[in-house]
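Just below is one structure, and these are the notes that go with it.
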Amino acid sequence: MLYKLHLDNILVLDIETVPEMADYQDLDDVTKELWAHKTQYQRKDEITAEEFYDRAGIWAEFGKIVCISVGYFHNKGDIREFRVTSFFGEEPKLLKEFKSLLNTHFNSPKHLLCAHNGKEFDFPYIARRMIIHGIALPYKLDLFGKKPWEVPHLDTLELWKFGDYKHYTSLKLMAHILGIPSPKEDIDGSMVRDVYYKEKNIDRIVTYCELDVVTTAQVLLRLRNDPLLVDSEIKKV
């Protein structure tokens, strides 16, 4: 049961992604053709592959990760902290740094990764981008041969579904209905591409990513009927 899990063993994470190239015209002809084929069912007839390229960050084959933010609970007696940090910069570098964290501090069977919609997006996206860059998968992302109950992943969206596979609820909506105070977000997901390529302001993206990590942790606490974090318990490290 969820309430039996030790919070100290859970690493909460979120990723921010953008198209791998700043502009559709930067793609080679083969990639353009593959992009058009990949998205033909998502696009309406009147929307061209070029016009649809602003959504390329959704797919690991055409996007890249620009930030991975993580948070973990650290309890000492009656003092509870939720510590947040981020990996950003060149994608191979941030992926290797994230892998190092998993291998050194979250590498035992008791440790779990947690994200909102993580099983459908964050976890496979990170794994695919690691493979693309020739980075061997850490144990927590290598699911081959694992039985469903052996997969070390928690997904707050999946927990909220209660077996209803067709249901989707955004993190923002879950936070609202569960009475979790909304952080003052500077941007939203639709703005990340422009903030990265046009404004070149990675700090805004990191802040946004970290706020989502905190919100995911708050949702997890509410699903356990635990007290929510207060501002003094959230530490940037």
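Select from region 66-83 the residues that are touching a residue at least 40 places away in the same chain (Cβ under 8 Å) and more than 16 Å from the chain's Cα centre (by Cα) and write down the one among them that is surrounded by the fewest Cβ atoms within 10 Å (Cβ to Cβ).
Going residue by residue through region 66-83, those that are touching a residue at least 40 places away in the same chain (Cβ under 8 Å) are 66-75, 80-83.
Narrowing the set further to residues that are more than 16 Å from the chain's Cα centre (by Cα) leaves 73-75, 80-83.
Working: Phe73: 20, His74: 15, Asn75: 12, Arg80: 16, Glu81: 16, Phe82: 21, Arg83: 14.
Here the answer is Asn75.
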Some residue of region 182-193 being modelled with pLDDT of 95 or more and in contact with a Ser or Thr (Cβ under 7 Å, 6 or more places away or on another chain): no
Some residue of region 74-90 being of a type in the set (A, V, I, L, M), within 21 Å of Val195 (Cβ to Cβ) and modelled with pLDDT of 95 or more: yes
Residue list for region 159-185, restricted to those being under 17 Å from Ser69 (Cβ atoms) and within 18 Å of the chain's Cα centre (by Cα): Leu171, Lys172, Ala175, Pro183, Glu185
Residue in region 24-34 that is among the aliphatic types (A, V, I, L, M) and in a strand (DSSP E or B) present: no
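The rows are residues; the columns are (1) within 17 Å of the chain's Cα centre (by Cα); (2) among the hydrophobic types (A, V, I, L, M, F, W, C); (3) surrounded by 14 or more Cβ atoms within 10 Å (Cβ to Cβ).
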{"position": "Leu34", "(1), (2), (3)": "no, yes, yes"}
{"position": "Gln40", "(1), (2), (3)": "no, no, no"}
{"position": "Ala60", "(1), (2), (3)": "yes, yes, yes"}
{"position": "Lys64", "(1), (2), (3)": "yes, no, yes"}
{"position": "Thr85", "(1), (2), (3)": "yes, no, yes"}
{"position": "Lys119", "(1), (2), (3)": "yes, no, yes"}
Region 54-65, residues that are without any contact (Cβ under 8 Å) to a residue 40 or more places away in the chain and touching a strand residue (DSSP E or B) at 6+ places or on another chain (Cβ under 6 Å): Ala56
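From the list Val12, Val30, which residue is touching a Ser or Thr at 6+ places or on another chain (Cβ under 9 Å) and among the β-branched types (Val, Ile, Thr)?
Values: Val30 fails: touching a Ser or Thr at 6+ places or on another chain (Cβ under 9 Å).
Just a single option satisfies the conditions, and that option is Val12.
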Positions within region 81-124 being over 16 Å from Thr215 (Cα atoms) and in contact with a Phe, Trp or Tyr (Cβ under 7 Å, 6 or more places away or on another chain), in sequence order: Phe87, Leu94, Glu97, Phe98, Asn107
Residue list for region 76-97, filter: over 14 Å from His133 (Cα atoms) and either touching a His at 6+ places or on another chain (Cβ under 9 Å) or not in a strand (DSSP E or B) (or both): Gly77, Asp78, Arg80, Glu81, Phe82, Arg83, Gly89
Region 4-23, subset touching a residue at least 24 places away in the same chain (Cβ under 8 Å) and part of a helix (DSSP H, G or I), residue surrounded by the fewest Cβ atoms within 10 Å (Cβ to Cβ): Asp8
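Condition first: closer than 21 Å to Trp149 by Cβ and of a type outside the set (D, E, K, R). Now tell me which residues in region 85-115 satisfy that.
Of the residues in region 85-115, the ones closer than 21 Å to Trp149 by Cβ are 102, 106-115.
The answer is Leu102, Phe106, Asn107, Ser108, Pro109, His111, Leu112, Leu113, Cys114, Ala115.
For region 125-237, please list each of the helices (runs of 4 or more DSSP H) lying entirely inside it that holds at least 3 residues being loosely packed, with under 14 Cβ neighbours inside 10 Å and touching a residue at least 24 places away in the same chain (Cβ under 8 Å).
Numbers: elements: 156-161, 171-177, 192-197, 202-223.
Passing ranges: none, list empty.
The values are calculated or read from the model by the stated rules, or taken from the named source; none is laboratory data. Since the structure is predicted, the reported quantities are computational estimates derived from the model, not experimental observations. Cβ: placed from backbone, ideal geometry, glycine included. Neighbour counts: every protein chain shown.
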